[in-house]
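Visitor: What follows is a single structure, and I will ask about it in a moment.
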Amino acid sequence: MVLQVGNEFPEVILKYVPYDAAHPDECGLPQVLDTKKDFAGKKVVIFGLPGAFTPTCSAQHLPLYVAQAEAIKAKGVDRIVCVSSNDFFVLDAWGKQNKVKDKIIMASDANGELGRATGLSLDLSKMGMGSQRLTRFAAIVVDGKVTHLSVEPNPGE
């Protein structure tokens, strides 16, 4: 199944390292983000990327969301989630490098569960990046239901 507008967002357990303002340079303990429980009753912007520290994602995608986080939240968005195929410690480091702080949850789909559940996985093994990467996408999820979805038209090109 490929995720579509009107679908319930699939229940997946992701992990992330929360930002700690008291210890901004330390790596904390990973926490669980349950898309069913944590998206319930909330308006969430979730965007997926193939990998942290990749040239395009680092130069264009994540910085745009960081710069626009306040404006996005001003539209009634409770939570912004960046999800990538890297592990949560890599995403934590990438978030710190990009001064994400607590603006965006940097969540890991290292095992590819979200990619498989949404049909938005991408095989980048020919590029040496593995067979379970997320394609670039952005969705608005309101109380667990997808109300907007944009997917990169020609992923991997």
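The values are calculated or read from the model by the stated rules, or taken from the named source; none is laboratory data. All values derive from a computational prediction rather than experimental measurement. Cβ coordinates were reconstructed from backbone atoms using ideal geometry, including for glycine residues, and neighbour counts include every protein chain displayed. Heavy atoms of the whole protein, side chains included, go into the accessibility calculation; ligands, DNA and RNA do not. Shrake-Rupley method; radii C 1.70, N 1.55, O 1.52, S 1.80 Å.
Visitor: So, in segment 23-44, of the ones that are over 16 Å from the mean Cα position of the chain (by Cα) and over 24 Å from THR147 (Cα atoms), which residue ends up least open to solvent (accessible area, probe 1.4 Å)?
Guide: By that ranking, first place goes to GLY28.
Visitor: Do you know which of the residues in segment 139-157 that are surrounded by fewer than 17 Cβ atoms within 10 Å (Cβ to Cβ) and not charged (D, E, K, R) is modelled with the lowest pLDDT?
Guide: GLY156
Visitor: Would you call LYS75 of a type in the set (Lys, Arg), closer than 23 Å to LYS145 by Cβ and at pLDDT 90 or above? Reasoning before the result, please.
Guide: Details: of a type in the set (Lys, Arg): yes; closer than 23 Å to LYS145 by Cβ: yes; at pLDDT 90 or above: yes.
So LYS75 passes the test.
Visitor: Still on this structure: Open to solvent by 10 Å² or more (accessible area, probe 1.4 Å) and either modelled with pLDDT of 95 or more or within 22 Å of GLU152 (Cα to Cα) (or both): which single residue out of GLY48, GLY119 fits that description?
Guide: On the way: GLY48 fails: open to solvent by 10 Å² or more (accessible area, probe 1.4 Å).
Checking each option against the conditions leaves just GLY119.
Visitor: Right, another one. Only one residue in VAL83, VAL66, VAL90 is aliphatic (A, V, I, L, M) and touching a residue at least 60 places away in the same chain (Cβ under 8 Å). Which one? Don't jump to the end; show me each part of the working.
Guide: On the way: VAL66 fails: touching a residue at least 60 places away in the same chain (Cβ under 8 Å); VAL90 fails: touching a residue at least 60 places away in the same chain (Cβ under 8 Å).
Exactly one residue qualifies, and that residue is VAL83.
Visitor: Still on this structure: Output the qualifying pairs, or none if there are none: Cβ atoms under 8 angstrom, residues six or more apart or on different chains, first residue in segment 29-47 and among the acidic types (Asp, Glu), second residue open to solvent by 30 Å² or more (accessible area, probe 1.4 Å) and at pLDDT 95 or above.
Guide: Close Cβ pairs satisfying both conditions: ASP34/GLU11; ASP34/ILE13; ASP38/ARG79.
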